Structure formats: structure tokens, C-alpha cells
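Let me begin by presenting the structure, written as C-alpha cells, before commenting on it.
The values are calculated or read from the model by the stated rules, or taken from the named source; none is laboratory data. Keep in mind it's a predicted model, so treat the numbers as computed, not measured. Positions of Cβ are backbone-derived with ideal geometry, glycine not excepted, and every protein chain shown enters the neighbour counts. All accessible areas refer to the heavy atoms of the entire protein, side chains included, with ligands and DNA or RNA removed. Shrake-Rupley method; radii C 1.70, N 1.55, O 1.52, S 1.80 Å.
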Amino acid sequence: MANTFEPAAPSRRPLRRALVLVATLAVVVATIWTATQHDASASASPTAGFRCGPYLNYPDLKPGHTGSTSTAFGGYTATYTATLPVTTTDPALSGMPFPGVLTLTHGAEHWALAHPDGASIGQLGGICVIRFKGESRPAVMVEGFSGGAHCCMVPVLYSFDATTSTYAKVLDMSAANFKSAMKFDPNDGYVAKTVGGQVVLETGDGVFPYYFGCYACTPAPIHLEVWGPRGMLDVTGQHPQFVEANAHQLWSGVVSEENGADGYYGLFGSLAAWTAEECTIGRGASAWSQVQVLQSKGVLSDKHYYQGTFMTKGSFVPTLRSFLLKHGYCGGQIPS
């Protein structure tokens, strides 16, 4: 019988290995692509930040002329347009009249923002586009300046309302009868700053200036606000290092003025603001001990108090204690 040779059936094992390898590579590629897309999406997410126009440094308009100024951040452009009347009730004011027309654009999107409540304020103080915590649509803040040596910045804040796809006023201090529990210094207004990965609005506590002396003699403790879904929030206590740095400067002023070389004019205002800030960061008890030390040395005597603040009655230490407690400082940290 003749021998016959039949070739063996080809093995399927190499093919299976190849298929497994291809499948594995596909999974790896898909994973890398997904991660890349996720990273790209994450990197494309808005981050906190802001841009503001120059405060009180806008071009003067001639009577009857119209001008505009814009501030842009993150693809959003806020434009302010105003016309200077032919006649004005306050010839001392310059720059661009306030209120004017405020609009916001983003690509093909366009919003006309509502006027402030106040009928007449003065001139444009500043305009900012702000992402407080990286929200998808930024807020817009505009401030009017009512004139005067020490008064008054008038802020209006607009935020995007997703339910109506419009920008609405969420804070408007322009109304004559505006009342708020927020601490605010109209001499300084709001100054946007980036602190701790978010944008905060820095101001002061407006009850301090003038209370313990002249305006320049009575600095205000700093106060930090941020806008969120629940409204304006006080975040001052969340940034103790920021408050501490300011308190350090205030204390340096106290030390340099306690000898009376400058007539004690800045001593009492600086000491009041310093004590308030020390209480804000939980060091009120030790701060009050320092106040008592100064009192025991005679630095805070009635004579010096009257000389430095132009007061004619009362004593500084009990006045300071009641003032701080009345305005929400140092509760449980200093004697009541």
C-alpha cells in the first residue's frame, strides 16, 4: 500500500494569540483616548480669575458726546456705554457718567444688563468680569463713584441665571435705602483679588473710618466676600494668613505711634482695626491683653485719646470694647 501524507490541520493557537493581542491593544488605546479626552475636558474647564478696567481712570467725555469702554476675560466682554449730558448737576465729576448701558457678549450670545436702582450716581468707577470659583459663566461687577473726597463707591453685581438664561442683578448698593448686614467700606468699594484658588472681593468694615479719629487715622479691618449660589458669603475667616498679614501692618503702626511723636492721631484707629482683625483669626484674648498693657503704660489715657481723636468725653478702652462687640467682633474672646 502506498504511503500517503496528509498535512496536519493548521494550529489555531497563534491566531487566537494575535486576536487577544489586538483586543488588548484596542482596550489600551481606548483607555488612553478616554483619559486624554477627560484630561482635555478638565483642562478646558474654566478656572477662577478676573479682569477689571482701570478704576476712575476712564477718558473724559465732552458734553453731548458718547463713549464706551470694555473689559474682557475668558471670552466674555463687558462693554459700558454712556453719554455725557450737555448740562450736568455736578461739574466737579469727570470721566464717564454713571449709570450707563452695560452689555455682555460671548461669541454670538449677547445680554443687556439692567440699570442700577439709583437714578443718578456720578461717574463710572470700575468694571470687572469675574469667575469667583471657576463657574461656567462669569459674573459682572460695575461700580459707580458718587464723588467726594472719601465717599462713595457703589457696586452692582450681575450673575447668570440658568433658569432664564439671562444675567440678573444679585447685589445693587445704588438704591438710597439699601440696607445690608454685609461689612463694606464705601471709601474703598470692592477690589477683586485671587486668594486660595478663588476670586474674593476685598473691602473694609465701613463702621471704623472716622470713629476713632480722622479718615486717614482710622483704617478699617479687611473683609472678604465671594459670590456663590447662596448669595454673598463672608470668607474672611477662611484666609487667616491674609488677615494676619494686614494685622501685622496695623500693629507696626501702633508701635510706631505709641510714643506720641505724631500726636497720637493714628494710634487709636490702628489699634481698633488691629484688635478686630486679631479677633477674626481667633487671637482676641491675647490682643486684648496687649490693649491692657498699653493702657497700664498710660499710652491710652483720656488725655491722649482726646488729643488723637478729637473726642471730648469717654475713655478709649471701654469704648473700644463696646464698639467691637456691637459690630460682631470678639464675642467670647474679650470681656463683655
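Observations on the model:
- Potential lengthening between A168 and K133 on full extension [0.36 nm per residue; Cα-Cα distance subtracted]: 10.8 nm
- Restricting the calculation to Cα atoms, every distinct pair contributes to the Kirkwood radius of the stretch 217-281, found to be 12.7 Å.
- Note on K179: lysines with a C-alpha under 29 Å away, same-chain residues under 8 apart excluded, are K133, K169, K193, K326.
- The heavy atoms of S146 present about 50 square angstrom of accessible area, all protein chains included, probe 1.4 Å.
- Rounded FRET efficiency, nearest 0.05, which uses the C-beta distance separating E109 from Y215 and R0 of 41 Å: 0.40
- Fraction of the pair-distance distribution of the stretch 248-327 above 14 Å, Cα-Cα pairs, percent: 59
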